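Okay, so here's the structure we're looking at.
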Amino acid sequence: MSGEGSAYHLPPPRVLEDLVRVGRGTPMGELLRRYWWPVGKSADAGAVPKRVKALGEDLILFRDGTGRPGLLHARCCHRGTTLYYGRVEQRGIRCCYHGWLFDETGRCTQQPFEDIAHPDARFKDRVKIKAYKVEPKAGLLWAYLGPDPAP
């Protein structure tokens, strides 16, 4: 008798890669991104950033000073530092490395010293981090990670 297989002389289990991989660009990942997913309780989004993992992606959940929840890619697009150590402010979350401020849509709204050094510089208008739609319903925060338009 060989050591292959499992109990009762069954063949080893087979993994169906197309069904178990949910990362971006995989068949199942692209299908599941067409639905709204709970990413936390409403109380989870606050002035302290919270790490969230959804469909294989590392994300940061927060609620800005005006009460809008945000769900952003976990790393700043400038130097790649984590936004988990960022500071939540009135209009978004500020990266702890160089201080870039991102709103809940992922748009960069402020780059310290850039505006002072070059008043005509509008680089911040071209910078955007990956952000997902978040809606509070029934005490939970629901995120849509798929393409527009959201259902």
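The values are calculated or read from the model by the stated rules, or taken from the named source; none is laboratory data. Please read these numbers as outputs of a predicted model, since none were measured by experiment. Virtual Cβ from ideal backbone geometry, glycine too; neighbours counted across all protein chains shown. Heads up: the accessible areas ignore ligands, DNA and RNA and are worked out on the full protein's heavy atoms, side chains in. Shrake-Rupley method; radii C 1.70, N 1.55, O 1.52, S 1.80 Å.
Might you check whether a residue that is acidic (Asp, Glu), surrounded by 15 or more Cβ atoms within 10 Å (Cβ to Cβ) and over 12 Å from the mean Cα position of the chain (by Cα) occurs anywhere in the stretch 29-43?
Yes, the stretch 29-43 contains at least one residue that is acidic (Asp, Glu), surrounded by 15 or more Cβ atoms within 10 Å (Cβ to Cβ) and over 12 Å from the mean Cα position of the chain (by Cα).
Would a scan of the stretch 117-125 turn up a residue that is touching a strand residue (DSSP E or B) at 6+ places or on another chain (Cβ under 8 Å) and not charged (D, E, K, R)?
The answer is no, given that none of the residues of the stretch 117-125 is touching a strand residue (DSSP E or B) at 6+ places or on another chain (Cβ under 8 Å) and not charged (D, E, K, R).
Testing Gly46 on (1) within 30 Å of Thr26 (Cα to Cα); (2) part of a loop (DSSP other than H, G, I, E, B); (3) open to solvent by less than 60 Å² (accessible area, probe 1.4 Å), one condition comes back false. Which one is that?
(1)
I'm checking my understanding of the structure. Among residues of the stretch 49-69 that are touching a Leu at 6+ places or on another chain (Cβ under 9 Å) and farther than 16 Å from Gly92 by Cβ, which one is surrounded by the fewest Cβ atoms within 10 Å (Cβ to Cβ)?
Lys53
Between a first residue in the stretch 70-85 that is surrounded by 19 or more Cβ atoms within 10 Å (Cβ to Cβ) and a second residue that is small (Gly, Ala, Ser) and part of a strand (DSSP E or B), which pairs have beta carbons less than 8 Å apart while being 6 or more apart in sequence or on different chains?
Gly70/Gly92; Gly70/Ala131; Leu71/Ala131; Leu71/Ala143; Leu72/Ala131
Taking the options Leu71, Leu59, name whichever one is part of a strand (DSSP E or B), under 15 Å from Leu101 (Cα atoms) and out of contact with any Gly (no Cβ under 8 Å at 6 or more places or on another chain).
It is Leu71.
Which of (1) at pLDDT 85 or above; (2) surrounded by 10 or more Cβ atoms within 10 Å (Cβ to Cβ); (3) outside any helix (DSSP H, G or I); (4) small (Gly, Ala, Ser) is the odd one out, the single condition Gly5 does not satisfy?
Single failed check for Gly5: (1).
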